[in-house]
Amino acid sequence: MTKHGIIDDFEAYSEWRKQVRNVIKKYRDIAKAEDLTNAHSEQRLNQIISTLNDDKLYIAFVAEFSRGKSELINAIFFSTLGKRVLPSSAGRTTMCPSELMYDHDFEPSIRLLPIDTRSTGTSIQEYKNMPEEWSEYTLDIDSAEQISEVLKHITEVNTVKPGHAENLGLHITSDEGHEDGLHIDENGEVEIPRWRHAIINFPHPLLDKGLVILDTPGLNALGAEPELTLNMLASAHGVMFILAADTGVTKSDLAVWRDHIIVGELTSRAKGRLVILNKIDVLWDDLRGQDEISDEIKRQVKETAKILNIDEKMIFPVSAQKALTAKIRNKNKLLNKSRILELEGALSDMLIPAKRDIVTDTVKRDMAEMNQSIKLVIDQRLAGVDEHIAELDGLSSKNVEVIENMLLKVKADKEHLERSLQRFQATRSIFTRQTVALYQYLDPKAMEITIANTRKNMKISFTSRGIKKAMTRFFSSVYEAFNSAAEQSNEIKELMQGVYSKFQEEHGLVNIRPGGYATRKYLREIKRLEQSSERFVKTTSLVMLDQGVITERFFDSVSSRIRQIFQKANKDADNWLKTIMSPMEAQIREHQIQLRRRLESIKRIHKATDTLDDRLAELKYVRDGIIEQGDKIKHINRKMEKILAKEEDDEESRVSA
Ligand SMILES: Nc1nc2c(ncn2[C@@H]2O[C@H](COP(=O)(O)OP(=O)(O)O)[C@@H](O)[C@H]2O)c(=O)[nH]1
Ligand SMILES: [Mg+2]
């Protein structure tokens, strides 16, 4: 049987993720059935579940054209289809970046974004929400022929006047070292890609489980579409850089490495990167012995490591083409010789544990928060019942006077609570005012104005100084918005803290300390964008800066990213404001229920409809019920911990297998 390396590992990972999702669903159902949740915590739980649902793993393949990216993707992921799916042949084939994914809400298809959309200043990310702008062709999943025929759209080109290409920010070069540069032909025209971006929606089991693959065309396209490097590569979980044994490390390869791979590494969180030395089959030679060939491969690996200044262990020599043939034809010897399994092993070792760690950390953090709020409710319920029991225990006889006093006390407590509630309503209006101020700092419309002004300022002078100045000013307004938002949120937090402690003091409730609105992660991301911008100004040639278009495109992707950050910050602010309010509301609700219960039971004793013993027995029954609620939550938590820790179990079983 043919082994599939990463496919098996990824499936095991998806299975585990499904278990995590199911146990959280069970947790939600139990908590809901026991009336331990409120609208907000239910929403949080559903959010955690849906994040696990569409959790994605992004792998990008980056290289100069013709190094075998498409072939490698075919070999690693699509051999099970028994055919070469992505077009791969001599010359430039992949003309536009292609994303392979699967969303089962949509038909299998390829969607293509026309190249002219580059002149609009709208990012690919934003176009993803405008389906009418894309050309769509459906894929017949039962016909491998039809699929590879339809996918040929990604190789289409348009022939245009050089001026048109320049307007689209596509750089025309006479530099021979620039392998996939656009060259003017004898008719004075250039060939440009017909499409800007392709999204292939394909029902492959791995894609269905959340894998997303990005296939990029080459240096020229990467340079022309800063969004690729800035967003897609920076957020990919794994980036594969491909070299070919027949070309060695060329000037273009080095440019890709330096400008698109290293950059991401320096400016974003550390992530998986592998270098692949493809086409080792060109070194296979019947007249040379195995040893001689493997020495030659070793020599190339060593040299590549030296040029790229990386550890030799990071480099994987393979033959994508032979691997694909071997997998399709079930040839194990050839498969081993292609060395693809070593690469797949490294790929899954690098990506999957990292991905699991991220999921485990997020789930643990979110669920700890959830447990805390549930524990609060349980503790409050217990404290209330205990207080009530103690109160009744103190009643040795049905002394009418004592009971009447008690009745008065409960009524007084109730009135006290109502007064506090009125005060709480008053605080609510201050709270609302403060939140309006917070949203003003995070206002996406204000940010649009800043973006528009920056664009205007850059247009005044497309020199590196002019651009640098405009960018600096832009980033300082972004920082300012977030710093003010942070300050404002602190004020809100302090206000609420005051309300909480007063309430707790007066009504003897469990202590709650509201958490803060975390802006650090946005600031980190903004810093990263700022660094990329500085690097862009520093490394882009004056000719290109002068041209304006490329700078505008660059700023488009920066501003589109900032826009996303603002959207996220607004959504997080919504959530945070709910989180800060809802425990208070839950506490008040619980407190009201308890007071009502106390009043009811004293009234009954007073009217002699119930005996003291009856009431005490009933309260003890209620108390046992609350303990049981706590136990149920503890039980499901233990189950969750076991599933989250399963990682180690799996590794053990793999070692022993
Ligand atoms: N000999 C050899 N040729 C390969 C290998 N992988 C890809 N190629 C060839 O290299 C050319 C470019 O491949 P392709 O996948 O389109 O490269 P891309 O532009 O990087 O996507 C095609 O002619 C492939 O057949 C390999 O492992 N060995
Ligand atoms: Mg390709």
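State in Å² the accessible area per residue of segment 374-422; use a 1.4 Å probe, count heavy atoms of protein chains only, and round to the nearest integer.
Working: 2710 Å² over 49 residues.
Computed with neighbouring chains in place, this is 55 Å² per residue.
When only Cα pairs below 8 angstrom with a gap of at least 6 residues are kept, the chain shows a relative contact order of 18 percent.
Extending 7 Å from Cα along the Cβ direction at Lys527 and again at Ala437 yields two label points whose distance is 2.7 nm.
Given R0 = 51 Å, the distance between the Cβ atoms of Arg604 and Lys632 translates into a calculated FRET efficiency of 0.95.
Cα axis of helix 646-656 to longest principal axis of the chain: angle in degrees, 0 to 90, nearest 10? So the helix axis and the longest Cα principal axis differ by about 50 degrees.
Taking the Cα centre of segment 428-536 as origin and assigning +1 to Lys and Arg Cβ atoms and -1 to Asp and Glu Cβ atoms, the resulting dipole is close to 720 debye. Around the amide H of Asn278, modelled in the peptide plane, lie the amide H atoms of Leu243, Ala244, Ala245, Val318, all under 5 Å away and 5 or more residues distant in sequence or on another chain. Rounded to the nearest 0.05, the FRET efficiency derived from the C-beta distance between Ser484 and Lys331 at R0 = 41 Å is 0.05. First compute the accessible area of segment 47-205 with a 1.4 Å probe, then give the percent of it belonging to carbon and sulfur atoms. Of all accessible area on segment 47-205, carbon and sulfur atoms account for 46 percent. Straight-line reach from Lys313: which lysines have Cα under 17 Å away, leaving out those fewer than 8 places along the same chain? In chain and number order, the partners are Lys271, Lys298, Lys302.
Please figure out what share of the DSSP beta bridges in the chain is antiparallel and state it in percent, rounded to the nearest 5.
On the way: 18 of 42 bridges.
Beta bridges within the chain, antiparallel portion: roughly 45 percent.
Applying a 10 Å radius around every beta-carbon, put 447-458, 115-126, 620-631 in order of their mean neighbour count, most first.
Highest to lowest by the protection proxy: 115-126, 447-458, 620-631.
Dipole orientation for segment 62-142: of the candidates Leu81, Tyr137, Thr94, Thr94 has the Cα lying most toward the positive pole (charges on Cβ; Lys, Arg +1; Asp, Glu -1). In terms of accessible area, using a 1.4 Å probe and ignoring ligands and nucleic acids, Phe536, Phe482 rank largest first as Phe536, Phe482. Can you tell me the orientation of helix 612-644 relative to the chain, as the angle in degrees between its alpha-carbon axis and the longest Cα principal axis, to the nearest 10? On a 0 to 90 degree scale, this one is about 10. Among the listed pairs Lys279/Lys331; Lys161/Lys456; Lys209/Lys331; Lys25/Lys493; Lys364/Lys632, those with a Cα-Cα distance over 23 Å are Lys161/Lys456; Lys209/Lys331; Lys25/Lys493. For the pair Glu133 and Ile262, label points projected 7 Å from Cα toward Cβ lie 3.4 nm apart. The stretch between Lys306 and Ile49, if pulled fully straight at 0.36 nm per residue, gains 87.9 nm over its current Cα-Cα span. About its Cα centre, the chain has a charge dipole of approximately 1580 debye under the convention of +1 per Lys or Arg Cβ and -1 per Asp or Glu Cβ, with nothing else charged. Once the Cα atoms are used to define both axes, helix 444-460 deviates from the longest principal axis of the chain by about 30 degrees. Taking 0.36 nm per residue of separation and subtracting the Cα-Cα distance, full extension of the segment from Thr611 to Asn570 would add 9.2 nm.
The values are calculated or read from the model by the stated rules, or taken from the named source; none is laboratory data. Keep in mind that this is a model prediction, so the values were computed, not measured. Note: ideal-geometry Cβ built from the backbone for every residue, glycine included; neighbour counts use all protein chains shown. Keep in mind that these areas ignore ligands, DNA and RNA; they rest on the heavy atoms of the full protein, side chains included. Shrake-Rupley method; radii C 1.70, N 1.55, O 1.52, S 1.80 Å.
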